[in-house]
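Report on the following structure.
The values are calculated or read from the model by the stated rules, or taken from the named source; none is laboratory data. All figures in this text were calculated on a predicted structure; none of them were measured in a lab. Neighbour counts are summed over all protein chains in view; Cβ atoms, including those assigned to glycine, are modelled from backbone coordinates with ideal geometry. The area values use the complete protein model at the heavy-atom level, side chains included, leaving out ligands, DNA and RNA. Shrake-Rupley method; radii C 1.70, N 1.55, O 1.52, S 1.80 Å.
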Amino acid sequence: MEVGMLAERIRENPLLDGLSLSGGEPFDQPEACGELAEWARAAGLHVMAWTGYTFEQLTGPEGTSDRLRLLRSLDLLVDGPFILELRSLELPWRGSANQRVLDVPLSLARGAPVAC
């Protein structure tokens, strides 16, 4: 689905106050996800993403300009791969204990991951 069409469908739903990007690895398709996330932020929506990458990977050598554009458009990021041996149903927003919930604007400003 084209980003513009998806954005319009989101705008039409008065129950939505945010956008969640997960599955299919958002940072492996950063151009489209970045465009959608930027639109959502401009529309006043909260934007959160889940990724198997770590914050350090996304801001380091693997941090392409498109990946950084997407990262800059997020409020929250759950980072790190899901590890079955560390699985927990007790963790908010995470599937395994190695994953972190990060405040993205603060993390970018400090240049290091900041947990929520």
Worksheet item: So which GluC sites (Glu not before Pro) in the range 21-116 pass both tests, a DSSP loop state and at most 16 other Cβ atoms within 10 Å of the Cβ?
Response: Glu62, Glu90
Worksheet item: How much mean residue ellipticity at 222 nm does the chain get from its helices, if each DSSP H run of length 4 or more adds -39500 (n - 2.57) and you divide by all residues, to the nearest 500 deg cm²/dmol?
Response: -10500 deg cm²/dmol
Worksheet item: Once the principal axes of the Cα atoms of the range 58-116 are found, what is the range along each, listed largest first in whole angstroms?
Response: 33, 21, 16
Discussion item. Which one, Arg11, Arg41, Arg67, has the greatest fluctuation when you compute a Gaussian network model over the chain with C-alpha springs under 10 angstrom?
Written reply: Arg11
Item to complete: Please list, in chain and number order, the residues 5+ apart from Gly18 or on another chain whose amide H is under 5 Å from its amide H, with Hs placed from the backbone.
Response: His46
Worksheet item: Per residue, what accessible area does the chain have, given a 1.4 Å probe and all protein chains present, in Å²?
Response: 58 Å²
Practice prompt. Counting only C-alpha contacts under 8 Å and six or more residues apart, can you give the relative contact order of the chain as a whole percent?
Written response: 20 percent
Fill in: Nearest-20 debye value, the chain charge dipole, Cβ charges on Lys, Arg, Asp, Glu
280 debye
Practice prompt. Treating the Cα atoms of the range 16-86 as identical point scatterers in vacuum, please give the log10 of the normalised Debye intensity I(q)/I(0) at q = 0.16, 0.17, 0.24, 0.27 Å⁻¹, two decimals.
Written response: -0.50, -0.56, -1.03, -1.25
Item to complete: Heavy atoms only, probe 1.4 Å: what % of the accessible area of the chain goes to carbon and sulfur, would you let me know?
Response: 55 percent
Worksheet entry | 5 angstrom amide H check on Tyr53, placed H, neighbours 5+ away | Gly80
Item to complete: Pick out, from Leu6, Gln57, Ser22, the residue whose Cα sits farthest towards the positive end of the charge dipole of the chain, with +1 on the Cβ of Lys and Arg and -1 on the Cβ of Asp and Glu.
Response: Gln57
Response to the item:
Full extension between Ser96 and Leu15 adds, at 0.36 nm per residue less the Cα distance, a length in nm of 26.2 nm
Worksheet item: What are the chymotrypsin sites (Phe, Trp or Tyr not before Pro) within the range 21-116 that DSSP puts in a loop, where the Cβ has at most 14 other Cβ atoms within 10 Å?
Response: Phe82, Trp93
